[in-house]
1. So what are the ³J(HN,Hα) numbers for the range 258-268, from phi and the Karplus equation (6.51, -1.76, 1.60; θ = phi - 60°), rounded to whole Hz, Gly and Pro as x?
2. Hey, rough spin-label estimate for Arg213 and Ser321, points 7 angstrom out along Cα→Cβ, what's it come to in nanometres?
3. Would you mind working out the magnitude of the charge dipole of the range 208-301 relative to its Cα centre, with +1 at each Lys and Arg C-beta and -1 at each Asp and Glu C-beta, to the nearest 20 Debye?
4. Considering amide H positions built from the backbone, and no H for Pro or chain starts, which residues 5 or more places from Thr313, or on another chain, come under 5 Å of its amide H?
5. Kindly put Met137, Met178 in sequence by how many other C-beta atoms sit within 10 Å of each C-beta, fewest to most.
6. Please compute the net charge surrounding Leu18, taking Lys and Arg as +1 and Asp and Glu as -1 over other residues with Cβ under 12 Å from its Cβ.
7. Roughly speaking, what is the stretch gain from Arg49 to Glu237, that is 0.36 nm per residue apart minus the C-alpha to C-alpha distance, in nm to one decimal?
8. Just to confirm a number: summing +1 for Lys and Arg and -1 for Asp and Glu over residues other than Arg286 whose beta-carbon lies under 14 angstrom from that of Arg286, what do you get?
Amino acid sequence: MEFHVTTLTSKDACMHALRRPQLSSNPGRTMAGSANLLFMDGEPHTRLRAVVRDIISQLEPLPGQVQDDIRAIVADLRNRAEIDLVADFGRPIAAVVAAAVLAAEQGLTSELLEQISGTAANLNVWIGGTAPASSAMHRVVRFFLKATPIPGGGLDRLRRAQRAGEITEDELLVTPVMLTHAAYENSTNFLAAAALQLSRSPDLAEHFVSGSRQVGTVRDMANQICPTRHVMRRATEPLDVTGTHIREGEGVAVSIGPPNALAFGTGPHSCPGIKVALAEAEFALRLIAPLLTTPWQPVSVEEKNHFVFYGLTRALIRRSSSPAEHCA
Ligand code: HEM
């Protein structure tokens, strides 16, 4: 089946597109009702989103336990000669926050976190592919279905919302996957890339050591790194977006990456986790910054190759030991 995707690149067009109700985040066609959809809320997108916002707000400000867990992760890096900023920093910190959002008694194992990342392959439906991630999806669904919720936490709130008729049974199954993926994938990508920038710029690292709050700097870094490069939409009817005609059923890739600086999106689907994401990154970067004010050498930096997400699969840095290395 022919699958046409128009890419919008100008900031003006992207801002308009993200606010147009005729551009749905539901990929439609055969995928419209399947469990592969990340967000099955109806057109106004307020009912499920309100529940999700309520859950995320429990992490604003970052709870003490989350702060302690992040401190422990960074403390472990102190005397290391080599750090992989993805495996040792970005992933474990994002995992702490993702686990705190859902708050299940059973922790998120590294195998489960891999499955959570794997659900990103469901985005292939947007470029005409099938959804190879369904087995990853089913495992994550099963985990949260069987998990014991910590009273008052995110999973508990979702189950109560379903019993009260605020969300459907399908939404109860899919929302934990969507939420953990949203919290884990983007933050992993951002934290690792941001820490790599600090390791390459001792001045920037010094800035984070100064003691003052750095939320503005972190937001600028997020807009520059932009872990989500495109968000995908489908036209539910024909429309014009700042001069570009889009046919009914057509896919639209909205470029939110550089230079558009829309890291957290805009409009009805804009990131409801922005405050948590910025607080988490600011807290973690201020902790790791003192380590990165001394010179480090990049040893191996590998980028992800994904049409939606920008991130690193590995960012290995090594402490410089000789003056020659310092100058390299
Ligand atoms: C640096 C980290 C993050 C970045 C750059 C980011 C970026 C984004 C973007 C661009 C979207 C919009 C997608 C669209 O328009 O289709 C989004 C949606 C979302 N994000 Fe984030 N995010 C981050 C972290 C988080 C965190 C920590 C959470 C949860 C605690 C979260 C929860 C969500 C949810 C639930 C959605 C779906 C919203 C909807 O469809 O209404 N995000 N995020």
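Read-outs throughout are calculated quantities, based only on the coordinates presented, and are distinct from any laboratory measurement. What you see is a predicted model; the values in this text were computed from it and never measured. When we count neighbours, we look across all protein chains shown, and the Cβ atoms used for this are built from the backbone with ideal geometry, even at glycine.
1. x, x, 6, 6, 10, 3, 9, x, 7, x, x
2. Taking the simple label geometry, Arg213 and Ser321 are separated by 4.2 nm.
3. Details: 8 positive and 7 negative charges, 53 e Å.
Result for the range 208-301 is approximately 260 debye, rounded to the nearest 20.
4. Here Glu302, Glu303, Lys304 satisfy the definition.
5. Details: Met137 25, Met178 18.
In order of increasing Cβ crowding within 10 Å: Met178, Met137.
6. Numbers: positive: Lys11, Arg19, Arg20, Arg233; negative: Asp12.
Once positives and negatives cancel, what remains is +3.
7. Values: separation 188, 0.36 × 188 = 67.68 nm, distance 2.35 nm.
The span from Arg49 to Glu237 would gain 65.3 nm if fully extended.
8. On the way: positive: Arg71, Arg213; negative: Glu206, Glu280, Glu282.
Local charge sum for Arg286: -1.
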